[in-house]
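The values are calculated or read from the model by the stated rules, or taken from the named source; none is laboratory data. These numbers come from a predicted model, not from an experiment. Don't worry about glycine lacking a Cβ; one is built from the backbone with ideal geometry, like all the others, and counts go over all protein chains shown. Just the protein is used for accessible areas: all its heavy atoms, side chains included, with ligands, DNA and RNA removed. Shrake-Rupley method; radii C 1.70, N 1.55, O 1.52, S 1.80 Å.
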Amino acid sequence: TDLRPLDILSEVVPAGRLARGMRVFQVQGVRGFQLAASRPRALGFPASRLFIHCDRFPEEFSIIVTLRVLSVPAKRNEYVFTLMAEESPSVLVGLRYAPDKLHFLFWSQERAGGWQTRVTFPNVSLADNQWHTLVLAVSGQSFSLTVDCSVPKDVVVETPFPASLSVKRASFYLGNRRRRKGVFTGLLRQLVLLPGADATPRICTAMNFKVATLSVPTVLQDLPAKPASNEVLKYPYETDTKVTLGSRPPCTKQEKAQFWFNASQRGLYLCNGSAWISMLEVKQRLDYVEEYQNLVTNSETMGVEVFTIPKVGLFAATANRYSPPGSAIYKWTDGKFVPYQNIPTYQAQSWKYFTIGKKIFLAVANFEQNDRGQEFSVIYKWSRRKEKFITYQRITTHSARDWEAFVIEGEAFLAVVNHREGNNHNIDSVIYRWNPRTGLFETNQTIPTSGAYDWEFFTIGPYSFLAVANTFNGTSTKIYSHIYIWLSGSFQLFQSILTFGAADWEVFHIGDRVFLAVANSHSYDSGMPAPSNFYAINSSIYELNITAQMFVKFQDLLTYSALDWEFFSVGDDSFLVVANSFDGFTFSVNSIIYRWQGYEGFVAAHHLPTVGCRDWEAFHTAEGSYLLYSSAKEPLSKVLKLKTT
């Protein structure tokens, strides 16, 4: 064959005529074929239509697939395509999907007979109702799978792909293996065979990796925005749009792109996967902030975490300084936070809520030893039977300040910030990996840190990053904080940024732009003359420069011992609120909400009186939007309501 893309999908719809059992659907602005199981042979064509000059399957090749997978039952396999000889039920070449796995099948022939080889790629999670582009590159015994242009998964097997696989009297079948069982139930947009080359460099050039294309049938390509006045749409297509009436329904990934019509308020809303977005009403704008609730806490609060447990409710966990009485969890009830559960902690610094599958966890970072002189931070698991958090795993930490939970390539991780051990601030912080077999977190990697306060995980395209806020190295707060990138199974240094007692990183997106804000808490250097004010210093916002492949400074904002940034949105407007904790004279300092003003950057919009402000959390309920701040200097935190127009 010539070294050109062979479009398998287009062969099933020559001249745009759909085969029986095919329909065109548009989801998330992208079109694909839906296949019916009733006539699997109708979705086939002779291989000779592709292999015109040679009846041998290429020895080296890539297969490019763009698809949208629905939820697949646990023991079900679905075929993306097969190549089968007419006189045999065996699959010569095929690709099939099972929950969290992708199987590539091929037939090896010898004089005495033949056998089928299956190459399995584990931890391939596609059943999220999103579009994904896969590139499978085959060369001898080596098989490489790239999903959405992320890091390739490589597999080497004993049996090489055959050097001479005959396709005489064979046919391609789309989404099936010539039987009704195992028919692909999702949407297919692209299925291309590229002989003799790894297609990854050709595919991974677009910004939207999930729908990167090499060749797509005409019927699935974008239509003109406005047809001529007397022209009808050439290719009819359907969408899976659904409009729900009545009271507010849930909005999760399953309901993404669905509509809800609120008849009482005459409002039409679109689910974006997590929240209902108004389509008809005028977008809300922040007018002012009012005090809503004084939340009396067990003691001074170092951090707060707001989270929702599905089908249970909204909660806030406060990390309180003293033990007893320890820290507390509050539940949102009748429009207020009310005490729900007390948990013994030891100068707790922060909480982190996360899930692994159906398991729900809450991890606390303890700064001090317990009554027995042991220093542990603890992971708690939600008990559905008791409707409380119970102790699950204790992990040895050293003056822990923060936990960060994240998932990379289907694997769950938990990173702890170790602040100091005794008087030594230059120690290792630890990244733990979840072991599904033991059901425990196990050490995966250690990273040297200096009096660190915070981890911040974020992703940009297919890449994963982890930023650490280094605060104090024993002599100075003027030290580098680091951003690490996940490469080849571990975090490696990506960029270092000079910070001044960094206490927090906050990543956020505005449109296509990516920002990273650091909260600088104080400027101290034992070898330098003391400044006029240790605490009145700039905190900085950095923006990702795609060309330079690094974060560059975007804006400085004067802060007063800043300990936290929180990004939130109201309508189309974006905001940053800073936790100013101390100005060198008093802990009663205004914390400030900055509004995004485009070319001007962030501009101060609201000045909020706070006392020893340590942490901010933004959250939303059916009644409106709120901010919660914790005070590290008094046993009183406050819920503020955002009043909109």
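Details
- For the chain, a crude dipole built from +1 on the beta carbon of Lys and Arg and -1 on the beta carbon of Asp and Glu, taken about the Cα centre, is about 3120 debye to the nearest 20.
- Taking every C-alpha pair closer than 8 Å and separated by at least 6 residues, the mean separation divided by the residue count of the stretch 6-220 gives a relative contact order of 33 percent.
- Looking at the stretch 30-117, the GluC sites (Glu not before Pro) that sit in a DSSP loop and have at most 13 other Cβ atoms within 10 Å of their own Cβ are GLU86, GLU87.
- Base-10 log of normalised Debye intensity for the stretch 286-644 (one unit scatterer per alpha-carbon) at q = 0.08, 0.09, 0.11, 0.12 Å⁻¹: -0.37, -0.47, -0.73, -0.89
- Label of the coordinate-derived value, log10 I(q)/I(0) by the Debye sum over Cα atoms at q = 0.05, 0.08, 0.10, 0.11 Å⁻¹, listed as (i) -0.29, -0.71, -1.02, -1.16; (ii) -0.68, -1.10, -1.22, -1.26; (iii) -0.41, -0.73, -0.88, -0.98: (i)
- Residue-level accessible surface for LYS633, protein heavy atoms, 1.4 Å, Å²: 100
- Relative frequency of Cα-Cα separations exceeding 17 Å in the stretch 280-352, percent: 51
- Accessible heavy-atom area order of LYS336, LYS638, highest first, probe of 1.4 Å: LYS336, LYS638
- Here the 3J(HN,Hα) profile of the stretch 191-205, calculated from phi with Karplus coefficients 6.51, -1.76 and 1.60 at θ = phi - 60°, is 8, 10, 9, 10, x, x, 8, 7, 7, 4, x, 6, 7, 8, 10 Hz, Gly and Pro shown as x.
- Amide H within-cut-off set for SER464, under 5 Å, with H built and near neighbours excluded: TRP486
- Only Lys, Arg, Asp and Glu carry charge here, each on its Cβ (+1 for the first two, -1 for the last two); on that basis the stretch 73-167 has a dipole of about 160 debye about its Cα centre.
- With 18 Å as the limit, the listed pairs LYS75/LYS253; LYS75/LYS181; LYS75/LYS153; LYS101/LYS359; LYS331/LYS633; LYS358/LYS388 have LYS75/LYS253; LYS75/LYS153; LYS101/LYS359; LYS331/LYS633 beyond it between alpha carbons.
- Taking every DSSP beta bridge that has both ends in the chain, the antiparallel portion is near 95%.
- What a 1.4 Å probe finds exposed on the chain is 49% carbon and sulfur by accessible area, rounded to a whole percent.
- Selected from ALA365, PRO609, VAL577, residue furthest toward positive end of dipole (the stretch 286-644; charges at beta carbon): ALA365
- Rg/Rh for the stretch 479-541 (Cα atoms only, Rh after Kirkwood) is 1.08.
- The chain, relative contact order [Cα under 8 Å, separation at least 6], %: 9
- Accessible area per residue in Å² at 1.4 Å probe, computed on the stretch 286-644: 42
- Per DSSP, loop chymotrypsin sites (Phe, Trp or Tyr not before Pro) in the stretch 576-617 with at most 12 further Cβ within 10 Å: PHE585
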